[in-house]
């Protein structure tokens, strides 16, 4: 008969392995996004192709949304390799559209904001992983806040009010800080609920789905912070 300490050790190993896989794939996504964004920003022909043609630009945006919804809603029906390929493709497309930040903000402010975002993300993730408090209610509140941000951002596309844009950014930071902690706790719960001997492909798909959630939290938190602290080019 297994002892309780042994069972706890095995459970912790499963959690650690799963979480490590999630963060590894998230890091791959962020790295690819950064490389593609930097490459596009330094390629006049690519900039002209993406931002000089609205059809292509909005086509990329629609493609990104389709990939996110596809992975989120159909990950259980696709193979692990397909889920991985779609995640990598999404990260690359997102890098292409996010290359515009190198044209709007100075590289030094992008770097410093990225470091602030990374530190904030780590703190929130550690809290979500270690706290014994159930963050479900926090997650629900932040999701409602996210819906509000989307609606307000759409309205501000027509109003073009800089004050409203800044308010949206501050609220966005709070929302994505909360979502980071909530999504991290969800990953821990997901890992603990996995039965022993679960197929590796299923674990990979769960890791990709978790990586996508944290990737989106990080990117959106970074963009909100950049709007607040970023220094524009002269």
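The values are calculated or read from the model by the stated rules, or taken from the named source; none is laboratory data. Note that this is a predicted model, so its numbers are computed, not measured. A quick note on method: Cβ atoms are made from the backbone with ideal geometry, for glycine too, and the neighbour counts reach across all protein chains shown.
When you scan region 179-188, do you find a residue that is at pLDDT below 90, part of a helix (DSSP H, G or I) and over 25 Å from residue 101 (Cβ atoms), even just one?
yes
Mind checking which residues of region 39-67 are within 22 Å of residue 88 (Cβ to Cβ) and touching a helix residue (DSSP H, G or I) at 6+ places or on another chain (Cβ under 7 Å)?
Scanning region 39-67 gives 40, 41, 46, 49, 50, 56, 57, 60, 61, 63, 64, 67.
Here is a check on your reading of the model: is residue 165 surrounded by 12 or more Cβ atoms within 10 Å (Cβ to Cβ), out of contact with any strand residue (DSSP E or B) (no Cβ under 6 Å at 6 or more places or on another chain) and modelled with pLDDT of 95 or more?
no
For residue 119, indicate whether it is part of a helix (DSSP H, G or I), loosely packed, with under 11 Cβ neighbours inside 10 Å, out of contact with any helix residue (DSSP H, G or I) (no Cβ under 9 Å at 6 or more places or on another chain) and without any contact (Cβ under 8 Å) to a residue 24 or more places away in the chain.
Against the criterion (part of a helix (DSSP H, G or I), loosely packed, with under 11 Cβ neighbours inside 10 Å, out of contact with any helix residue (DSSP H, G or I) (no Cβ under 9 Å at 6 or more places or on another chain) and without any contact (Cβ under 8 Å) to a residue 24 or more places away in the chain), residue 119 qualifies.
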